[in-house]
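Below: one structure, written as structure tokens.
The values are calculated or read from the model by the stated rules, or taken from the named source; none is laboratory data. Just so you know, these numbers come straight off a predicted model, no measurement behind them. When we count neighbours, we look across all protein chains shown, and the Cβ atoms used for this are built from the backbone with ideal geometry, even at glycine.
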Amino acid sequence: MNDATDPHWLPVELLMALGVAQADELVQALTGRPAWHARAACRGMGPEIFYPALGESVNPAMAICVLCPVRPECLRYGLANSLQLGIWGGTSGRTRRKIASMNKCPRTRQALEDAPPMD
């Protein structure tokens, strides 16, 4: 359904006129989620797979993330919001803490910013 009765529908002309950055902000404001989330492989899945209980495997979540087209955006979101729990961008909280600590070094931070997107 692509009409005004669908809460996720936005006129293409409006989004094109706004430009990508502004359109992403509009989508986030309207849905409460980052715009990239609509393209995520995990969209529509329950959170339990991405927040395994202590001792449970993270492999099912990682298998979804490895094929996700928005993995880099998801990882940046997890890092920018200091999310300590759950799987974000194919990383665990421990891995994100390591990345965040590496980001404190200016040379490492620049290398991470210049790195090509993860595929």
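Annotation note: Cβ proximity below 8 Å between a residue of the stretch 35-64 that is of a type in the set (D, E, K, R) and a residue that is in a loop (DSSP other than H, G, I, E, B) (sequence gap 6+ or interchain) occurs for 39/69; 39/70. Filtered by the rule that a residue be modelled with pLDDT of 90 or more, more than 30 Å from residue 104 (Cβ to Cβ) and touching a helix residue (DSSP H, G or I) at 6+ places or on another chain (Cβ under 7 Å), the stretch 35-93 gives 41, 49, 60. Within the stretch 49-85, restricting attention to residues that are in a loop (DSSP other than H, G, I, E, B) and among the hydroxyl-bearing types (Ser, Thr, Tyr), the residue that is farthest from residue 96 (Cα to Cα) is 57.
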